[in-house]
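Worksheet for the structure shown next.
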Amino acid sequence: MSTQAVSTRPTVFDDFLKPWNEWFDDNRWNKMLTVPAVNITESPDHYKVVLAVPGMKKEDFKIAVEGNMLTISSEKEQSNEENLKTYTRKEYNYSSFSRSFTLPDEVNKEKIGASYTDGLLSIVLPRKESSVKTTATNIAVK
């Protein structure tokens, strides 16, 4: 399982180059920058999906299961207005993402749980009791 890490830190030249960057803007690159990195791990009794989404609140996430599709999405708006005697500065920021994963049939959809701690959204997908893998035991031949 591979992990994708993308830095979205602005540089000093972003504002200076903004008019030219908009001319050569490619939507494929913008979408890659707004999609959080994901790790998926498997254990004998569950799968775990972890998304790196710092700076969010647990209320910002929407997690839905429809059929065998798990969809994790978020929309966040921020606006800031500063009124001084000589000027007014308004800033507006909107960010969103949506990730979808096809769930295996062995996932117990009624017991899916999620938590958000230290910038990591963790979703635990427990397996159905009948599909939990058991450890093999050796049987001695007499």
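Strands (runs of 3 or more DSSP E) fully within the range 33-142 that include at least 3 residues being β-branched (V, I, T): 38-42. For the range 90-106, the candidate set comprises residues that are loosely packed, with under 14 Cβ neighbours inside 10 Å and touching a residue at least 24 places away in the same chain (Cβ under 8 Å); within that set, the residue that is nearest to the chain's Cα centre (by Cα) is S98.
Yes or no: the range 112-130 includes at least one residue that is exposed (fewer than 11 other Cβ atoms within 10 Å of the Cβ), over 13 Å from the mean Cα position of the chain (by Cα) and at pLDDT below 90. Checked against the condition, which is being exposed (fewer than 11 other Cβ atoms within 10 Å of the Cβ), over 13 Å from the mean Cα position of the chain (by Cα) and at pLDDT below 90, the range 112-130 yields at least one hit. Selection within the range 45-58: residues that are surrounded by fewer than 16 Cβ atoms within 10 Å (Cβ to Cβ), closer than 16 Å to S122 by Cβ and at pLDDT below 95. The member of this set that is farthest from the chain's Cα centre (by Cα) is D45.
The values are calculated or read from the model by the stated rules, or taken from the named source; none is laboratory data. Remember, it's a predicted structure, so these values are computed and weren't measured experimentally. Neighbour counts are summed over all protein chains in view; Cβ atoms, including those assigned to glycine, are modelled from backbone coordinates with ideal geometry.
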